[in-house]
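These notes are about the structure you will find just below.
The values are calculated or read from the model by the stated rules, or taken from the named source; none is laboratory data. This is a predicted model, so every value here is computed, not measured. Don't worry about glycine lacking a Cβ; one is built from the backbone with ideal geometry, like all the others, and counts go over all protein chains shown.
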């Protein structure tokens, strides 16, 4: 079994990105919420932390049994109530002009309908920041590649940033680690640590991969700042656009 680990930097804050509605073309925007994912291991770990008498590996084993049974019911074509949080049900994608064009082996997908209990859990959420999607870089997640744990990185280990418009441009573009104060404000930019270009081994619009700098202080928390002026292979902006991540913890 995999080791399970506690989710760091839990909060009730979410980031919102406003994107122009290209269908209506009337100057309106629609909003998307940046994901800060709690993994299967994070959930089990927090339950184990709050219930010291439970063996975490027994907890994990029971969760896997529940997972397998849910999948079995889906294979049988059943809709499944998931712990009274909502119903996972089967839908089908159909694009047919007549009854005869409907395939007997259609393309099925799983959908989820939340209960009132699940919806009520969102009442205490508040907005951390609002980003306007003007081709600025947008960070969705920062994670350790080896463990897939989000917002917890290890010195010298490979890490990844996912999102949109992340590709780095000219030499002044880069991945920066900015130490934060107790109220999560960034320290002065003169103190930021830039990841050397030679440590960046994937540079794509939707994902950056790099090795975490060994010079970071594991006693501090950081936010990752992306600075880029990339437009295309032959064109860069005069100004640099930035995006800032959620708080990130550094382990030795």
Exercise. Name the one entry in 79, 63, 31 that is within 22 Å of residue 123 (Cβ to Cβ) and at pLDDT 75 or above.
Key: 31
Quiz prompt | Hits in the range 213-249 - residues which are closer than 21 Å to residue 171 by Cβ and not in a strand (DSSP E or B) | solution = 213, 215, 231, 232, 233, 234, 235
Quiz item: Of the numbered conditions (1) assigned to a loop (DSSP other than H, G, I, E, B); (2) at pLDDT 95 or above, residue 146 satisfies every one except a single condition; which is it?
Solution: (2)
Quiz item: residue 185: at pLDDT below 95, out of contact with any strand residue (DSSP E or B) (no Cβ under 9 Å at 6 or more places or on another chain) and surrounded by fewer than 20 Cβ atoms within 10 Å (Cβ to Cβ), yes or no?
Solution: yes
Quiz item: Which residues, taken from the range 85-139, are part of a loop (DSSP other than H, G, I, E, B), at pLDDT 75 or above and surrounded by 10 or more Cβ atoms within 10 Å (Cβ to Cβ)?
Solution: 85, 115, 121, 122, 125, 136, 137
Quiz item: Which of the residues belonging to the range 141-150 are closer than 28 Å to residue 229 by Cβ, surrounded by fewer than 22 Cβ atoms within 10 Å (Cβ to Cβ) and touching a residue at least 40 places away in the same chain (Cβ under 8 Å)?
Solution: 141, 145
Quiz item: How many residues, within the range 42-73, are in contact with a strand residue (DSSP E or B) (Cβ under 6 Å, 6 or more places away or on another chain) and closer than 30 Å to residue 150 by Cα?
Solution: 1
